[in-house]
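A.B. asks: After the structure tokens below, expect a handful of questions from me.
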Amino acid sequence: QKEVEQNSGPLSVPEGAIASLNCTYSDRGSQSFFWYRQYSGKSPELIMSIYSNGDKEDGRFTAQLNKASQYVSLLIRDSQPSDSATYLCAVVGMDSNYQLIWGAGTKLIIKP
Amino acid sequence: DAGVIQSPRHEVTEMGQEVTLRCKPISGHNSLFWYRQTMMRGLELLIYFNNNVPIDDSGMPEDRFSAKMPNASFSTLKIQPSEPRDSAVYFCASSLSGYGNQPQHFGDGTRLSIL
């Protein structure tokens with residue numbers, strides 16, 4: 001069974017703190033990993049992609065990938081109320097015929 | 001650059017009616033995806049096309065659903081006859097490649113309500 005697991009939340013984080021979102025996946029052959037942000041009533045929006053082990057930084061966002069442990073995480077530094085949204089993890093692997101397998105998303109709430 | 005364009009944004013219709021959703025992918029993208037999103041089931045892939053050819057329609061729930069991509073810049077998802085359980089948000093997405101190494105870019109979605 002191809003699976004991508006995320007804690008549904010809500011994850012509540014005070015403004016200015018670091019928000020940490022986690023995602024685990026079952027397909028060891030997974031090669032591409034994406035984080036999408038979805039505001040309520042809006043469409044998913046790509047915020048980060050990562051393909052190799054380690055960290056990838058883009059502004060306040062850092063994606064971390066550990067293929068040995070089969071997890072990918074997203075850190076948001078200096079969290080802002082505008083970061084409040086649902087964050088979707090999506091993983092591509094051989095088992096899914098190279099298509100995206102989506103997590104159910106983690107709802108993040110940034111409290112002013 | 002124009003993103004993925006979907007129409008209509010909202011559709012309300014009665015059970016039994018035919019519903020047609022439309023999508024224009026990003027120019028130059030070779031792959032197009034139709035998704036359905038509900039609170040209960042999350043984001044579900046219905047069908048995807050690569051170079052206008054349907055590759056995998058295993059996510060299409062029933063024969064009442066059909067999708068076409070007559071050319072590289074247009075696709076339709078049709079439901080006939082529609083049922084209340086089809087109520088959901090339907091997203092179209094496109095990507096440069098159908099092999100997953102390229103991210104997908106989503107349209108604004110069609111919010112469908114079947115009464």
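The values are calculated or read from the model by the stated rules, or taken from the named source; none is laboratory data. Nothing here was measured: the structure is a model prediction, and the numbers come from that model. We place every Cβ from the backbone using ideal geometry, glycine too, and count neighbours over all the protein chains shown. For the accessible areas, the whole protein counts, side chains as well, though only heavy atoms, and no ligand, DNA or RNA atoms are used. Shrake-Rupley method; radii C 1.70, N 1.55, O 1.52, S 1.80 Å.
A.B. asks: Which of rounded, prolate, oblate describes the protein assembly as shown, given a ≥ b ≥ c as roots of the alpha-carbon gyration tensor eigenvalues and a/c under 1.5 marking rounded, otherwise prolate only if a/b is larger than b/c?
C.D. replies: Details: a/c = 1.91, a/b = 1.48, b/c = 1.29.
Cα axes put the protein assembly as shown in the prolate bin.
A.B. asks: Within chain B, which is the longest segment containing none of the trypsin sites (Lys or Arg not before Pro) that sit in a DSSP loop and have at most 12 other Cβ atoms within 10 Å? Before the final figure, lay out the partial values.
C.D. replies: Values: sites that count: B:Arg9, B:Arg41.
Free of exposed loop sites, the longest segment is B:42-115.
A.B. asks: Evaluate the charge dipole of segment A:1-90 about its Cα centre and quote only its size in Debye, nearest 20, assuming +1 on the Cβ of each Lys and Arg and -1 on the Cβ of each Asp and Glu.
C.D. replies: Values: 8 positive and 10 negative charges, 37 e Å.
That gives segment A:1-90 a dipole magnitude of about 180 debye.
A.B. asks: What residues have an amide H closer than 5 Å to that of A:Asn7, excluding those fewer than 5 places away on the same chain, when H is modeled at 1.01 Å from N in the peptide plane?
C.D. replies: Placed amide hydrogens put A:Asn22 under 5 Å from A:Asn7.
A.B. asks: Ordered by residue, what ³J(HN,Hα) values in Hz, to whole numbers, does segment B:46-62 give under the Karplus form 6.51 cos²θ - 1.76 cosθ + 1.60, where θ = phi - 60° and Gly and Pro are x?
C.D. replies: Those phi angles translate into 8, 7, 9, 10, 10, 6, 6, 9, x, 9, 9, 10, 5, x, 5, x, 8 Hz.
A.B. asks: Based on the Cβ-Cβ distance of A:Tyr98 and B:Gln17, what FRET efficiency does E = 1/(1 + (r/R0)^6) give at R0 = 41 Å, to the nearest 0.05? Intermediate results must be reported in sequence, preceding the final value.
C.D. replies: Details: r = 36 Å, r/R0 = 0.89.
It comes to 0.65.
A.B. asks: Among A:Lys67, A:Lys56, A:Lys42, determine the one that fluctuates most according to a GNM of chain A built with springs between C-alpha atoms less than 10 Å apart.
C.D. replies: Residue with maximal mean-square fluctuation among A:Lys67, A:Lys56, A:Lys42: A:Lys42.
A.B. asks: Something else now. Relative contact order for segment B:65-113: what percent, with Cα pairs under 8 Å and sequence separation of 6 or more? Spell out each step's value before the answer.
C.D. replies: Numbers: 54 pairs, mean separation 15.2, N = 49.
Dividing the mean separation by the residue count of segment B:65-113 yields 31 percent.
A.B. asks: A further question follows. In whole angstrom, note down how far apart the Cα centers of segment A:64-112 and segment A:11-57 are.
C.D. replies: 2 Å
A.B. asks: Where in segment B:27-47 does the label zone of A:Ser40 land, with the point 7 angstrom along Cα→C-beta and an amide N cut-off under 17 Å?
C.D. replies: B:38-40
A.B. asks: Can you tell me, using C-alpha contacts under 8 Å and at least 6 residues apart, the relative contact order of chain A as a whole percent? Don't skip to the end; give the middle numbers.
C.D. replies: Values: 290 pairs, mean separation 42.9, N = 112.
Across chain A, relative contact order equals 38 percent.
A.B. asks: Determine the shielding of peptide A:99-109 by partner chains: average, over its residues, the number of Cβ atoms on other chains within 10 angstrom of each Cβ. Working shown, then result.
C.D. replies: On the way: counts 11, 10, 2, 6, 2, 3, 2, 0, 0, 0, 0.
Taking all residues of A:99-109 together, the mean is 3.
A.B. asks: Here's another thing I want to ask about it. Only Cα pairs within less than 10 Å get springs; with that Gaussian network setup on chain B, which residue of B:Asn101, B:Asn52, B:Asn71 has the largest fluctuation?
C.D. replies: Largest GNM mean-square fluctuation: B:Asn101.
A.B. asks: Let me ask something else. For segment A:1-101, report the convex hull volume of the alpha-carbon atoms normalised per residue, in Å³, without decimals.
C.D. replies: Each residue corresponds to 99 Å³ of Cα convex hull volume.
A.B. asks: Let me ask something else about it. Using a 1.4 angstrom probe on the protein heavy atoms only, line up A:Trp102, A:Trp35 by accessible area, largest first. It would help to have the intermediate numbers written out before the result.
C.D. replies: Working: A:Trp102 35, A:Trp35 5 Å².
These residues rank, largest area first, as A:Trp102, A:Trp35.
A.B. asks: Still on this structure, I have one more. Rolling a 1.4 angstrom probe over the protein chains, ignoring ligands and nucleic acids, what is the accessible area of B:Leu115 in square angstrom, nearest 10?
C.D. replies: 120 Å²
A.B. asks: Still on this model: Normalized C-alpha radius of gyration of segment B:1-108, against 2.2 N^0.38 Å?
C.D. replies: Details: Rg = 13.2 Å, N = 108, 2.2 N^0.38 = 13.0 Å.
That ratio works out to 1.01.
A.B. asks: Ok, one more. Pairs on different chains or at least eight residues apart, Cα atoms closer than 29 Å: how many lysine pairs in the protein assembly as shown fit?
C.D. replies: Lysine pairs, 8 or more places apart or on different chains, close enough: 19.
A.B. asks: Taking beta carbons within 10 Å but only from partner chains, what does the mean come to for residues B:34-40?
C.D. replies: 1
A.B. asks: Whenever you get a sec, line up B:Glu44, B:Glu62 from highest to lowest accessible area (probe 1.4 Å, protein heavy atoms). Write down the numbers at each step before the final one.
C.D. replies: Numbers: B:Glu44 35, B:Glu62 60 Å².
Ranking B:Glu44, B:Glu62 by accessible area, largest first, yields B:Glu62, B:Glu44.
A.B. asks: Averaged across A:85-91, how many Cβ atoms of other chains sit within 10 Å of each residue's Cβ atom? Mind showing how you got there, number by number?
C.D. replies: Values: counts 0, 0, 0, 2, 0, 4, 1.
Per-residue shielding by partner chains comes out at 1.
A.B. asks: How much solvent-accessible surface does A:Phe61 expose, in Å² to the nearest 10, with a 1.4 Å probe and all protein chains in place?
C.D. replies: Taking all protein chains as shown, A:Phe61 has close to 30 Å².
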